[in-house]
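**Q** Structure in structure tokens, see below.
The values are calculated or read from the model by the stated rules, or taken from the named source; none is laboratory data. Predicted, not measured: the structure shown is a model, and the values here were computed from it. Here the Cβ positions follow ideal geometry from the backbone for every residue, glycine too, while neighbour counts run over all protein chains shown. Heads up: the accessible areas ignore ligands, DNA and RNA and are worked out on the full protein's heavy atoms, side chains in. Shrake-Rupley method; radii C 1.70, N 1.55, O 1.52, S 1.80 Å.
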Amino acid sequence: MIYFLGNCQADFVSRTMADKGFDTTYRVLASPLTYTSHPGQIPPVLAETVKSFGLGDYFLGRELINQFCPVTKDEAPELIVLSMFHENVPLFLHNEEEFIFYMDTNALTEVPAAMLWAQENCRMFQPNPVGYLKRFKDMLEQLRKDVPKVPIVILGRLSPYPAFGPAPYSYLEKWEEFWLSAKEEMAEWPSTMENVHILEMDRVFAGIWTESETAIESHCPFLKLELEETDGQITGLHARRDIEHIGPMPARLADKLIQFQKNGRIEYEDSETVPRGWHRQWRMSKLDDEAMLRKLVSGANYQCAEAIGSFFLDLSRDRTALLVQARERMPVCHNTLHMIKAYSRIFPNPDLAVWCEAHRRLAESFMDNGPIYQQVYLKRIDEIQHRVLGQS
């Protein structure tokens, strides 16, 4: 059994390995602090509280067993793959027993008994992002202690090089501020902890980049968008490129892990060297309407997102009509929907309601990511439709 621990990065690689015939399990984590605060056992008082108040649906996949027992003793792994996952906040600290846990704060408003219990027994807090690496190392050392000898491979994070603009975005808060010092410190872990290995994301992506010879937009098409509004009018746009979701990356990482299992070490090809061009500033790459439509109707998630991202590079006119034309072919994706939602605020075109109707039908039949994903997704479609129709 190969354990994949962390966030969606670990999840995608786990699925890829499973497709290749490997026995895998994936466990989504909330914060390094939960495991180290009460390692190897779910705090009994917390387990009883969750059971008594029916809070099982308020962990968003980060179940208590994942938070406190990421590797179960009855199913010993042959390999542990750990991603540098971002932390979910706020966290809860139990005043008396001092264990730390994550729970969706909606539980406090939707279950009054949970609110009362939390007020009497806990306090909420947000860890300082600058201390993330120490928290992660403490968790790694605890894991190494509890599961000795089993190889641990850490999936590194992609560095926010200038060429990955605009303003490369990582879900790990403040990563762009401490990544250089983090990489230096992480490089020491394999020499201070037995059988711990770092798989360098920069080098793996460099190999992909060298082979493809394409711009960052095709590899990382998703934009995180923030709009400024004054008196009901959009007055500013801030875009950051999501550099965590890279299409070919899970398959490449899986190949590296298979190679690691064969020879016990991580190896890189000559082409897997960071190119000098990554240190240069990002240069805008636009698509014309014909190219945008071709990508939108392709049915390919990343091509579709690349086209929508290009919408924001030229806001001199509204391109909602392209979305309407492609409405039957566009894939279900939260990251893409975020971009469309932002675009609908800039151009609240009523025609987009036609797209919403068609996309809602696609989303209602999409269950790959579970009911909670679908519920949130459908709610966002409704929000877009209400806005463009002047109903919100």
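**Q** Taking springs between alpha-carbon atoms closer than 10 angstrom, which of PRO162, PRO221, PRO32 fluctuates most in the Gaussian network model of the chain?
**A** Of PRO162, PRO221, PRO32, the Gaussian network model singles out PRO162 as fluctuating most.
**Q** Note down the net charge around VAL50, summing +1 for each Lys or Arg and -1 for each Asp or Glu among other residues with Cβ under 15 Å from its Cβ.
**A** Counting the neighbours of VAL50, the net charge comes to -4.
**Q** Mind checking which of GLU96, GLU177, GLU306 has the largest fluctuation in a GNM of the chain, springs on alpha carbons under 10 Å?
**A** GLU96
**Q** Okay, next question. If we count every other residue with Cβ under 14 angstrom of ILE80's Cβ, Lys/Arg +1 and Asp/Glu -1, where does the sum land?
**A** Here the count lands on -1.
**Q** Next question, about the same structure. Can you spot the lysines whose alpha carbon is less than 23 Å from LYS149's alpha carbon? Ignore those fewer than 8 places along the same chain.
**A** Qualifying lysines at Cα under 23 Å: LYS73, LYS134, LYS137, LYS256, LYS262.
**Q** OK, next. If you add up the charges near HIS386, with Lys and Arg at +1 and Asp and Glu at -1, over every other residue whose beta carbon is less than 14 angstrom from its beta carbon, what do you get?
**A** +3
**Q** Suppose accessible area is computed on protein heavy atoms with a 1.4 Å probe; arrange VAL89, VAL111 from highest to lowest.
**A** VAL89, VAL111
**Q** Treat each spin label as a single point 7 Å out from the Cα along the C-beta direction, and report the VAL111 to LEU315 distance in nm.
**A** 4.2
**Q** Mind listing which trypsin sites (Lys or Arg not before Pro) in region 132-214 are in a DSSP loop and have 10 or fewer other Cβ atoms within 10 Å?
**A** Within region 132-214, the qualifying trypsin sites (Lys or Arg not before Pro) (loop, at most 10 other Cβ atoms within 10 Å) are LYS149.
**Q** A further question follows. Can you list residues from other chains, or at least 5 along the same chain, whose modelled amide H is less than 5 Å from the amide H of ARG157?
**A** Here the answer is MET201, since their amide H atoms fall under 5 Å of that of ARG157.
**Q** Would you mind checking the radius of gyration and Dmax of the chain based on alpha-carbon positions, in Å?
**A** Radius of gyration, then largest Cα-Cα span, for the chain: 22.3, 63 Å.
**Q** With charges only on Cβ, +1 for K and R and -1 for D and E, what is the dipole size of region 233-333 about its Cα centre, in debye, rounded to 20?
**A** Its charge dipole is roughly 140 debye.
**Q** From the helices alone, meaning DSSP H stretches of at least four residues, give me the mean residue ellipticity at 222 nm for the chain, per-run term -39500 (n - 2.57), in deg cm²/dmol to the nearest 500. It would help to have the intermediate numbers written out before the result.
**A** Numbers: 18 runs with 180 residues, N = 392.
Result for the chain: -13500 deg cm²/dmol, rounded to the nearest 500.
**Q** Another question, if that's okay. Can you pull the percent of region 201-273's accessible area that's carbon plus sulfur, 1.4 Å probe, other chains left in place? It would help to have the intermediate numbers written out before the result.
**A** Numbers: 1550 of 3510 Å².
Reported share for carbon and sulfur atoms: 44 percent.
**Q** Normalized C-alpha radius of gyration of region 98-176, against 2.2 N^0.38 Å?
**A** 1.56
**Q** Still on this model: So what is the accessible area of region 64-208 per residue, in Å², with the probe set to 1.4 Å? All intermediate terms of the calculation are to be shown ahead of the outcome.
**A** Working: 6390 Å² over 145 residues.
Computed with neighbouring chains in place, this is 44 Å² per residue.
**Q** If amide H atoms are built 1.01 Å from N in the plane of the peptide, which residues on other chains or at least 5 residues away come under 5 Å of the amide H of MET103?
**A** Result for MET103 returns PHE92.
**Q** Which ³J(HN,Hα) values, rounded to whole Hz and listed in residue order, are derived for region 372-383 from phi using the Karplus coefficients 6.51, -1.76 and 1.60 in 6.51 cos²θ - 1.76 cosθ + 1.60 with θ = phi - 60°, glycine and proline given as x?
**A** Residue by residue, region 372-383 yields 5, 4, 5, 4, 5, 4, 5, 4, 5, 4, 4, 4 Hz.
**Q** Out of the total accessible area of region 47-117 (probe 1.4 Å, heavy atoms of protein only), what percent is carbon and sulfur?
**A** Roughly 50 percent of what the probe reaches on region 47-117 is carbon or sulfur.
**Q** Determine the relative contact order of the chain: mean sequence separation of Cα pairs under 8 Å and six or more apart, normalised by residue count, in whole percent.
**A** 13
**Q** At q = 0.09, 0.12, 0.14 Å⁻¹, what base-10 log of I(q)/I(0) does the Debye formula yield for region 168-291 when every alpha carbon is treated as an equal point scatterer in vacuo?
**A** Rounded to two decimals, the profile gives -0.37, -0.62, -0.80.
**Q** Are there GluC sites (Glu not before Pro) in region 180-238 that DSSP marks as loop and that have at most 15 other Cβ atoms within 10 Å, and which are they? Each step should come with its number before you reach the end.
**A** On the way: sites: GLU184, GLU185, GLU188, GLU194, GLU200, GLU211, GLU213, GLU217, GLU226, GLU228, GLU229; in loops: GLU188, GLU194, GLU200, GLU213.
Listed in order of number, the matching sites are GLU188, GLU194, GLU213.
**Q** How large is ³J(HN,Hα) for each residue in region 95-103, as worked out from phi by the Karplus curve 6.51 cos²θ - 1.76 cosθ + 1.60 (θ = phi - 60°), to whole Hz, x for Gly and Pro?
**A** With coefficients 6.51, -1.76 and 1.60, one gets 4, 8, 8, 6, 7, 10, 8, 10, 8 Hz.
**Q** Around ILE234, which amide H atoms from residues at least 5 apart in sequence, or from another chain, sit under 5 Å from its own amide H, with H modelled in the peptide plane?
**A** Excluding prolines and chain starts, which carry no amide H, there are no hits.
**Q** With every protein chain present, what is the per residue accessible area of region 217-259 (1.4 Å probe, Å²)?
**A** Values: 1850 Å² over 43 residues.
Value returned for region 217-259: 43 Å² of accessible area per residue.
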